[in-house]
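One structure below.
Since every read-out is calculated from the coordinates, none of them should be taken as a lab result. Just so we're clear, the structure is a prediction, and the values are computed from it rather than from any experiment. Virtual Cβ from ideal backbone geometry, glycine too; neighbours counted across all protein chains shown.
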Amino acid sequence: SGDYDKADAALNLLRSRLTDEDFPIPVKDQMPLVEADFYLAQHNTDNAYPFLEQGLKTCRNRQLRTRIMCILGQINQRQGHLDVAANYFREIIKRNAVFQLDFEARLQLATSYDTLQQDHKYVEKTLKKMASSNQYREFLDKIYYALAQVAEKNHQDSLMIRYLRLSVS
């Protein structure tokens, strides 16, 4: 509801009880994710990050773990840690995530590659393969936009414009 002071007070109460012997273990395991959600709701990714990493270690739900990896990848991508972000996105793809998450991971992996360390041909090939697949037909605009970003990183202006036109069409 946006009442962060009240939520912080409730979290402080929970934190103070974590060491109690009768504190429920499932709640204890979820605390890092609750803390991360608290900070993410306030757009404070720096404070949320360690709690997300801790939640990744304690979470037993496969889908939730995959979602946490996606958030960690996005945070790293925004902060310019492209190699760490790419590792998270690769891990999501390996996990055979739900379609939407898998698609986003593939797209983010393509747009977060480092031009100095990775071969842009592989990234282009992956995106072009996605563009030709019927599975991703309704997402062609995003795929072509990602291809335009790759072309921009490689200073291929005419190719970038071509992909942007395809994205718009």
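Please give the FRET efficiency for ASP83 paired with ASP22, using the beta carbon to beta carbon distance and R0 = 30 Å, rounded to the nearest 0.05. With a Förster radius of 30 Å, E is 0.10.
With 0.36 nm allotted per residue and the present C-alpha distance subtracted, the LYS153-VAL98 stretch has 16.9 nm of extension available. By the helix-only formula, in which each DSSP H run with n ≥ 4 contributes -39500 (n - 2.57) and the sum is divided by residues, the chain has a 222 nm mean residue ellipticity of -24500 deg cm²/dmol. Charge tally for ASN44 (other residues, Cβ to Cβ under 14 Å; Lys, Arg +1; Asp, Glu -1): -3. Normalised by the number of residues in the stretch 61-155, the mean separation of alpha-carbon contacts (under 8 Å, six or more apart) gives a relative contact order of 22 percent. When the trypsin sites (Lys or Arg not before Pro) in the stretch 61-146 are filtered for DSSP coil states and for at most 16 other beta-carbon atoms within 10 Å of their beta-carbon, the remaining sites are ARG95.
Taking a Cβ cut-off of under 13 Å around LEU64, the surrounding Lys, Arg, Asp and Glu residues balance to a net charge of +4, with basic ones at +1 and acidic ones at -1. Extending 7 Å from Cα along the Cβ direction at ALA7 and again at VAL168 yields two label points whose distance is 3.9 nm.
Contact order, relative form, for the stretch 1-111: 16 percent (alpha carbon pairs under 8 Å, 6 or more residues apart, mean separation divided by residue count).
Comparing the stretch 9-79 with the 2.2 N^0.38 Å rule of thumb, its C-alpha radius of gyration ratio is 1.14 (two decimals). Each of GLN30 and ARG60 was given a label point 7 Å from its Cα along the Cα-to-Cβ line. The distance between the two points is 1.4 nm.
Just tell me, in residue order, which DSSP H segments of the chain are both 15 angstrom or longer along the helix axis (alpha-carbon based) and at least 0.0 in mean Kyte-Doolittle hydropathy.
25-41, 82-94, 99-111, 140-153, 157-168
Shape analysis of the chain yields a ratio of the Cα radius of gyration to the Kirkwood radius, Rg/Rh, of 1.09.
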